[in-house]
Structures are given as structure tokens and as C-alpha cells.
1. What's the exposure ranking of 102, 191, 218, going from fewest to most Cβ atoms within 10 Å?
2. Taking the number of other C-beta atoms within 10 Å as the exposure measure, put 93, 153, 117 in order starting with the fewest.
3. Could you tell me which of rounded, prolate or oblate describes region 100-245, using a ≥ b ≥ c as the square roots of the eigenvalues of the alpha-carbon gyration tensor, with rounded for a/c under 1.5 and, failing that, prolate when a/b is larger than b/c and oblate otherwise?
4. Using the 10 angstrom Cβ neighbour count as an exposure proxy, how do 118, 174 rank, fewest first?
5. How much space per residue, in cubic angstrom, does the convex hull of the C-alpha atoms of region 182-239 take up?
């Protein structure tokens, strides 16, 4: 009944301790993951060739971001498809964000739209996605590029805040457990996890230098990676200062 009606999702039966709102967040996250997966599929060479069959998909391909240039449409066809998939996902989530304005509890009648009707939500997402691929190119790609730049920056910024909050809560909980029980065990676990995360970060930075820079040139890429590394080091040092603690 949760697929075609307002009843809570059947996943609540598998997770009786979870709230309807929590299950809804997980399902919306699944939709986001599904859209990301489709975007990855769109840049596979074999799929890119099939996109040529869509009418109007290569119209205006003589320009990239408003700059007239001779570029073969096939060279960035997959990226155009990713922009359209991103547009569909943004439109889908913005639609439900507007529908849920001022809804503060599950007792609100509109909360049923949030926690149920998943089959119809999937159909809406598919419909918006299909429609997005039939939008004539024209200035769409150029305009949506700027929306993508701003939206990506805000998304990453919010993501960073949430990750920092998660790490802080995680650390505080383990420190509290250390004060209540076996201190050595909890401190050892915290140090181990911290070491793993720093090692993973260093490995990621090395990979960024290897795959996204070259010995000659790529100054902009090197600058961004280096600035990010320096900021991480500064924050790491500042976070252990006595006044901050």
C-alpha cells in the first residue's frame, strides 16, 4: 500500500525501530543514488552513440558555453546527458521540497506525500527524466552549466558541514564511552580510526596529483589541490589547540 497509497513503507516492518521519516530519507537517498548511477552509465561510449538518435539533442553543438567553436557533438554528448539527468533530479527534489514547505510533523496531511506513494514518485522521476532528454539543446546546456556550478558548490559545502558534524558527534560519543568504561580501549579505537581517515585522505590527495595534474602545466589543478591540503593541515593543527579544546 505504500507504493500506491499513503501508508508507511513496508521497510518499516523490517526496521520496526525506525521512524517513517527515516525510512523516507533512505528511499529518497536511493533515488539520488539511482540518478547518479544513470549519469555514470550515460558517459559510457556505447550509450553515448545511442544518444545521437534523440531528436534535437545535438542542436547548437557548434558552441560550448556560448563560445562558438568547432566541436563534434559526439565528443561531449555524454556530458550533455549528465546535465539533463541532473536537471531531472533537481526538478524532482525541488518539487517535493515545495510540497513539503511548513510540514513540521508526520501528523500533517501532506506528510503522506513524503512517506508514501513511492510508485508514483518513481513514475514522476522517470517522466521528468524522459522529458529532459527531449528539451532542444540551444542554450539549455550553457545555462544549466552555471546552475550546476553553483549547485555543486552548495551541495559540497553542505556535505562538508554534515561530515564534520558526524565526525564531531562520533568523537564525542567515543570520548564519553572512554570516560564511562575502558578508557584505553576507546582511546585506541579513536586513534585507529583517526589514523585510517588521515591515511585515506593522504592517499586521495596523491591520486589527485597523479591523475589530475601533469609535471608541466595544470597550474590551476595543482593550486586547488595544494590549497585544500594546506587548509586541512591548518584545521588539523588548530583543532588540537588548548583554547579550541
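What follows draws every value from the coordinates through simple rules; no lab data is involved. Treat the numbers as computed from the prediction; the structure is a model and nothing was measured. Glycine also receives a Cβ, built like all others from the backbone with ideal geometry; neighbour counts cover every protein chain displayed.
1. Working: 102 6, 191 10, 218 13.
Fewest-to-most Cβ neighbours within 10 Å comes out as 102, 191, 218.
2. Numbers: 93 15, 153 10, 117 18.
By the 10 Å Cβ count, ascending, the order reads 153, 93, 117.
3. Details: a/c = 2.75, a/b = 1.25, b/c = 2.19.
The shape class here is oblate.
4. Details: 118 20, 174 16.
By the 10 Å Cβ count, ascending: 174, 118.
5. On the way: hull volume 3.9 nm³, N = 58.
That works out to 68 Å³ per residue.
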